[in-house]
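The block underneath contains the structure these notes are about, expressed in structure tokens.
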Amino acid sequence: MRYWKGSIALSPTQDYPLLRRVLRSTFVTHRQLYDFMRLEYRTWSRHSFNNRVLRLVKHNYLVRDDVPFKTDGYVYSISGMGALEVIGLGECYTSPTPRTKDGKLPRSVYHAIDLNEIHLALKRSAILVDWISDTEIRSQNELTSVCYCKDYDAVVTVRVDGTERKFALEYERTPKTRKDYLRISSEIDGEKLVDRFLYLAPSHDLMAFLVRSFEGSRRAIYFGLLRDFLDGLLDAPLRTVRPGAILTLKDVLRTR
């Protein structure tokens, strides 16, 4: 088969999984993307991975940005052409990668990078069964009649004591208003597709604010620190809206 000059042939076993991973991550660092591909057995050589990514950038399938104070190298997002490629393969996607009017990276890039760290920690542990990304959730909510009550950051399924357990994950890097959380609490109260909810925060102060904001909820909502979760996963200590109550994620998921 011949190709137009300047075009490339995309590999279904290496290029398409890489593009799909960038799309679902929204933003992902070079190191994170390599870790994802290695854990998914899509690459075995750092050198060949670097060349593959550079090739996709040069042919406008990926957008590359530099985040100076990070040590992970470049940050990648999907381009319009890259999104069209994976949508054509059945990828669930309804929204372009968010950008400011001047084309610069939005602040949400740091939220996405931290969320990738949560995802990678679960993948490395071998307890992860499924991770439904926010792009997939948003597509399901917008295009189908089987909807979640909100666009969660992820819906996660893990294996606990040989049994699969599911929870909705929210990572709050920065606080919303109390009014916002009252609305979200009301939405979660009506959720039918998942019955456990985990909020992670980067600081004790923000976690305490979240606990207070959801104290009127009727649902099983749990709160923890990002660092505790990355270090302990299922053994990470979690708080509830009840004063003094401390559980682990394993305890939470074992209950029916």
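Looking at region 136-152, can you tell me whether even one residue there is within 27 Å of residue 183 (Cα to Cα), in contact with a Ser or Thr (Cβ under 6 Å, 6 or more places away or on another chain) and among the aliphatic types (A, V, I, L, M)? No, every residue in region 136-152 fails to be within 27 Å of residue 183 (Cα to Cα), in contact with a Ser or Thr (Cβ under 6 Å, 6 or more places away or on another chain) and among the aliphatic types (A, V, I, L, M). Determine, yes or no, whether residue 114 is in contact with a Phe, Trp or Tyr (Cβ under 8 Å, 6 or more places away or on another chain) and either touching a residue at least 40 places away in the same chain (Cβ under 8 Å) or buried (at least 18 other Cβ atoms within 10 Å of the Cβ) (or both). When the stated conditions are applied, residue 114 passes them.
Looking at region 123-143, can you tell me whether even one residue there is outside any helix (DSSP H, G or I), farther than 30 Å from residue 165 by Cβ, free of Cβ contacts under 8 Å to residues at least 40 places away in the same chain and open to solvent by 50 Å² or more (accessible area, probe 1.4 Å)? No, region 123-143 contains no residue that is outside any helix (DSSP H, G or I), farther than 30 Å from residue 165 by Cβ, free of Cβ contacts under 8 Å to residues at least 40 places away in the same chain and open to solvent by 50 Å² or more (accessible area, probe 1.4 Å). Is it true that residue 198 is closer than 17 Å to residue 157 by Cβ and either in contact with a helix residue (DSSP H, G or I) (Cβ under 8 Å, 6 or more places away or on another chain) or basic (Lys, Arg) (or both)? Criteria met by residue 198.
The condition of being of a type in the set (S, T, N, Q) and in contact with a helix residue (DSSP H, G or I) (Cβ under 6 Å, 6 or more places away or on another chain) holds for residue 217. Candidates 64, 20: the one that is assigned to a helix (DSSP H, G or I), under 24 Å from residue 110 (Cβ atoms) and open to solvent by 30 Å² or more (accessible area, probe 1.4 Å) is 20.
Out of region 75-96, which residues are farther than 21 Å from residue 11 by Cβ and either touching a residue at least 24 places away in the same chain (Cβ under 8 Å) or in a helix (DSSP H, G or I) (or both)?
At the first step, the residues of region 75-96 found to be farther than 21 Å from residue 11 by Cβ are 75, 92, 94-96.
Answer for region 75-96, where residues must be farther than 21 Å from residue 11 by Cβ and either touching a residue at least 24 places away in the same chain (Cβ under 8 Å) or in a helix (DSSP H, G or I) (or both): 75, 92, 94, 95.
Scanning region 212-239 for residues that are among the hydrophobic types (A, V, I, L, M, F, W, C) and surrounded by fewer than 19 Cβ atoms within 10 Å (Cβ to Cβ) gives 220, 230. Of all the numbered requirements in (1) over 20 Å from residue 11 (Cβ atoms); (2) open to solvent by less than 30 Å² (accessible area, probe 1.4 Å); (3) of a type in the set (A, V, I, L, M); (4) at pLDDT below 95, residue 105 misses one, and that requirement is (2). Residue count for region 71-90 under the criterion of being open to solvent by 20 Å² or more (accessible area, probe 1.4 Å) and not aliphatic (A, V, I, L, M): the result is 8.
The set of residues in region 144-177 that are exposed (fewer than 13 other Cβ atoms within 10 Å of the Cβ) and either in contact with a helix residue (DSSP H, G or I) (Cβ under 6 Å, 6 or more places away or on another chain) or part of a loop (DSSP other than H, G, I, E, B) (or both) comprises 144, 145, 146, 161, 162, 174, 177.
The values are calculated or read from the model by the stated rules, or taken from the named source; none is laboratory data. Everything numeric here is computed off the predicted structure, so don't read it as measured data. Every residue, glycine as well, gets a Cβ built from its backbone with ideal geometry; the counts of neighbours run over all protein chains shown. The area values use the complete protein model at the heavy-atom level, side chains included, leaving out ligands, DNA and RNA. Shrake-Rupley method; radii C 1.70, N 1.55, O 1.52, S 1.80 Å.
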